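Peer 1: Pasting in a structure now, in structure tokens, and then I'll have a few things to ask.
The values are calculated or read from the model by the stated rules, or taken from the named source; none is laboratory data. Predicted model only: the values in this text are computed from it and were never measured. Cβ: placed from backbone, ideal geometry, glycine included. Neighbour counts: every protein chain shown.
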Amino acid sequence: MSELLFWFMTAMTIGSALIVVLHSNLFYSALALVVTLFGVAAFYVFLWADFLAGVQVFIYIGGILILILFGIMLTNKISSVNISHSKFHQGIAAVIVMGIFSILGWMILKTPWLHIVQQEPSQTVGRIGRLLMTEYLLPFEVASVLLLSALIGAAMLSRKAN
Amino acid sequence: MDQLQNYLFIAAALFSLGLFAVITRRNAVAVLMGVELILNSANVNFLAFSRFGGMNFNGHVFALFVIIMAAVEAAVALAIIINLYNNYQSINVDEASQLKR
């Protein structure tokens, strides 16, 4: 059952990512990005990262995607043409990207991966919080300062100069 | 679903698609969406290695920091895009080439 669900989520994620990349209407791309991000959150659940799945839904879908939709609506006519390069350029890019993907796939198949079988942890939030308060305290504080400076910087940048 | 390789393949596919969007899209918001796909693929990799490498939670913290970076990057990038639109009346990344002239 969960195996079936995994392959269904894989097909959904990759398919909607294809729509994000290829659709000519930017608004539909953004809506397909919602499905892709939900699919990635589902993979987090499969990877036993329930807290991260929640964070993904809150911050990506609730925050970043709303920002992107605002960006589309503020700067674009919804049905604008010409958001991609010509078919010729897309062909060249497709060849390059397929090359990179096949190198990555070859690497994934050839490497003898370490596989440590573990029990599923009963809870993840406490462990993450403990790591953030001990080993990763400095990056945690730096990230908060970075968020503050980005807030100020974004407000400064998007103001009309007078 | 209990294979590391499956997740790595999914992440590689998401990375390739995001790279394709960054290369081919001309609209700045669409380029930003490609960057989000790339960051998500990196996160899937972090969590996959965290689970199959002994479940030691360092990957979780890294993924958390990547999500924070993505939020910061999206906010600043959209401020830049709105500025671009005010100055050029379009957000075509090819037209913003004033520094080249």
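Peer 1: For segment A:138-159, which residues satisfy the criterion of being more than 7 Å from chain B (Cβ to nearest Cβ) and either closer than 14 Å to B:Asn58 by Cβ or among the basic types (Lys, Arg) (or both)?
Peer 2: If the condition is that a residue be more than 7 Å from chain B (Cβ to nearest Cβ) and either closer than 14 Å to B:Asn58 by Cβ or among the basic types (Lys, Arg) (or both), then A:Phe140, A:Arg159 are the ones that fit.
Peer 1: In this structure, is B:Asn27 modelled with pLDDT under 90 and surrounded by fewer than 19 Cβ atoms within 10 Å (Cβ to Cβ)? Outline the logic, then answer.
Peer 2: On the way: modelled with pLDDT under 90: yes; surrounded by fewer than 19 Cβ atoms within 10 Å (Cβ to Cβ): no.
So B:Asn27 fails the test.
Peer 1: Is it the case that some residue within segment B:70-80 is facing chain A (nearest Cβ under 7 Å), in a helix (DSSP H, G or I) and surrounded by 23 or more Cβ atoms within 10 Å (Cβ to Cβ)?
Peer 2: Within segment B:70-80, the first condition is being facing chain A (nearest Cβ under 7 Å), and the residues that meet it are B:70-72, B:74-76, B:78-80.
Narrowing further to those that are in a helix (DSSP H, G or I): B:70-72, B:74-76, B:78-80.
So of that shortlist, the ones also surrounded by 23 or more Cβ atoms within 10 Å (Cβ to Cβ) come out as B:74, B:78.
Checking segment B:70-80: at least one residue is facing chain A (nearest Cβ under 7 Å), in a helix (DSSP H, G or I) and surrounded by 23 or more Cβ atoms within 10 Å (Cβ to Cβ).
Peer 1: Next question, about the same structure. Restricting attention to segment B:22-33, which residues are in a helix (DSSP H, G or I), touching a residue at least 12 places away in the same chain (Cβ under 8 Å) and facing another protein chain (nearest Cβ under 7 Å)?
Peer 2: Our first condition is that a residue be in a helix (DSSP H, G or I); within segment B:22-33, this holds for B:22-24, B:28-33.
Then drop every residue that is not touching a residue at least 12 places away in the same chain (Cβ under 8 Å), which leaves B:22, B:28-29, B:31-33.
Scanning segment B:22-33 gives B:Val29, B:Leu32, B:Met33.
Peer 1: If A:Gly15 satisfies all but one of (1) facing another protein chain (nearest Cβ under 9 Å); (2) within 14 Å of B:Ile10 (Cβ to Cβ), what's the number of the condition it fails?
Peer 2: (1)
Peer 1: Which residue pairs have Cβ atoms under 9 Å apart, sit 6 or more places apart or on different chains, and have a first residue in segment A:43-61 that is at the interface with another protein chain (Cβ under 9 Å from one of its Cβ atoms) and a second that is among the basic types (Lys, Arg)?
Peer 2: Taking only residues 6 or more apart or on different chains, the pairs are A:Phe46/B:Arg51; A:Leu47/B:Arg51; A:Trp48/B:Arg51; A:Ala49/B:Arg51.
Peer 1: Go through A:Gly54, A:Gly71, A:Gly39 for me and flag whichever is at pLDDT below 90 and not hydrophobic (A, V, I, L, M, F, W, C). Before you say what the answer is, go through the steps one by one.
Peer 2: Details: A:Gly54 fails: at pLDDT below 90; A:Gly39 fails: at pLDDT below 90.
On inspection, the qualifying residue turns out to be A:Gly71.
Peer 1: So for segment B:45-56 (the condition being more than 14 Å from A:Thr75 (Cβ to Cβ), more than 7 Å from every other protein chain (Cβ to nearest Cβ), in contact (Cβ under 8 Å) with a residue 24 or more places away in the chain and under 16 Å from the mean Cα position of the chain (by Cα)), does at least one residue qualify?
Peer 2: Step one: filter segment B:45-56 for residues more than 14 Å from A:Thr75 (Cβ to Cβ), giving B:45-56.
Filter once more, so that each one left must be more than 7 Å from every other protein chain (Cβ to nearest Cβ): B:45-46, B:49-50, B:56.
Subsequent filtering for residues that are in contact (Cβ under 8 Å) with a residue 24 or more places away in the chain retains B:45, B:49.
Pick out the ones that are also under 16 Å from the mean Cα position of the chain (by Cα) and you get B:45.
Scanning segment B:45-56 turns up at least one residue that is more than 14 Å from A:Thr75 (Cβ to Cβ), more than 7 Å from every other protein chain (Cβ to nearest Cβ), in contact (Cβ under 8 Å) with a residue 24 or more places away in the chain and under 16 Å from the mean Cα position of the chain (by Cα).
Peer 1: For segment A:7-24, check the following and say yes or no: at least one residue is farther than 26 Å from A:Gly91 by Cβ, in contact (Cβ under 8 Å) with a residue 60 or more places away in the chain and part of a helix (DSSP H, G or I). It would help to see each step written out before you state the result.
Peer 2: Restricting attention to segment A:7-24, the residues satisfying the condition of being farther than 26 Å from A:Gly91 by Cβ are A:7-10, A:12.
Subset that is in contact (Cβ under 8 Å) with a residue 60 or more places away in the chain: none.
No, because not a single residue in segment A:7-24 is farther than 26 Å from A:Gly91 by Cβ, in contact (Cβ under 8 Å) with a residue 60 or more places away in the chain and part of a helix (DSSP H, G or I).
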